[in-house]
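Here is the structure we will look at, set down as structure tokens.
The values are calculated or read from the model by the stated rules, or taken from the named source; none is laboratory data. None of these values were measured; they are calculated from a predicted model. As a convention, Cβ positions derive from the backbone with ideal geometry for all residues, glycine included, and neighbour counts pool all protein chains shown. These accessible areas exclude ligands, DNA and RNA; they are computed on the full protein's heavy atoms, side chains included. Shrake-Rupley method; radii C 1.70, N 1.55, O 1.52, S 1.80 Å.
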Amino acid sequence: AQMRGYPKGYRDSIIAANTEITYNIVFKNAGTDTVRRVVIRDTLSPNLDFSTLKLGSSSHPYKFDFTGTGILKITFDNIELLPDGSANGTSNWGYITFKISQKPNNTTNTRITNRAAIFFDYKAPVMTNEVRHVVGQFPDFITVDVDEPNVPG
């Protein structure tokens, strides 16, 4: 299971205040049995504006619940993810994408972290990696040297 956050950010994490973040969660059946139900539970950072949540594309039909405290639950019923190593390599994985804005005018050094728990059938969850963003200032760049082309004569 893997989570990605876009934009990735300057130096892998620095983003400007008010930048909308897109999260993509990819999951794969690495087991030996067919998975028929996948539940993703994602507790979103309190530094995000929950009212701006927009669910996007996915690999399979889903339903979702979202609480006012920032807990997003996405359920894929009857998903039929085949075991790892099955004949069709794309039939054992899935994904979902969603977008959310920061709280208005987060201050410099505000941290926004996200990771999710993925439940395959009714087994113990698999955790995604943690995605981190930090609200910051982009550096001003100063040109200190310019190479001039050497023109003979």
Enumerate the calculated ³J(HN,Hα) couplings along the range 24-31 in order (Karplus 6.51 cos²θ - 1.76 cosθ + 1.60, θ = phi - 60°), each rounded to whole Hz, writing x wherever the residue is Gly or Pro. 10, 10, 10, 9, 9, 7, 9, x
Alpha-carbon radius of gyration plus Dmax, which is the widest Cα pair, for the range 30-69 in Å: 13.7, 40
Computed over the range 68-127, the convex hull of the Cα set has an average projected area, in nm², of 6.5
Below 26 Å Cα-Cα, how many Lys pairs turn up in the chain? Only count pairs eight or more apart in sequence, or on different chains, if you could. 21
Excluding exposed DSSP-loop chymotrypsin sites (Phe, Trp or Tyr not before Pro) (at most 12 other C-beta within 10 Å), longest clean stretch of the chain: 1-121
Report the charge-dipole magnitude of the chain in Debye, nearest 20, computed about the Cα centre from +1 at each Lys and Arg Cβ and -1 at each Asp and Glu Cβ. 660
Run the Debye formula on the Cα coordinates of the range 1-77, all scatterers equal and no solvent, and tell me log10 I(q)/I(0) at q = 0.14, 0.17, 0.18 1/Å. -0.56, -0.80, -0.88
Rank T108, T67, F138 by how far each Cα sits towards the positive end of the charge dipole of the chain (+1 on Lys, Arg Cβ; -1 on Asp, Glu Cβ) and give me just the farthest. T67
Could you grab the Rg to Rh ratio for the chain? Cα atoms only, Kirkwood for Rh. 1.16
Taking only protein heavy atoms and a 1.4 Å probe, what accessible area per residue, in Å², does the chain have with all protein chains in place? 61
Distances over 12 Å make up what percent of all Cα-Cα pairs in the range 35-96? 70
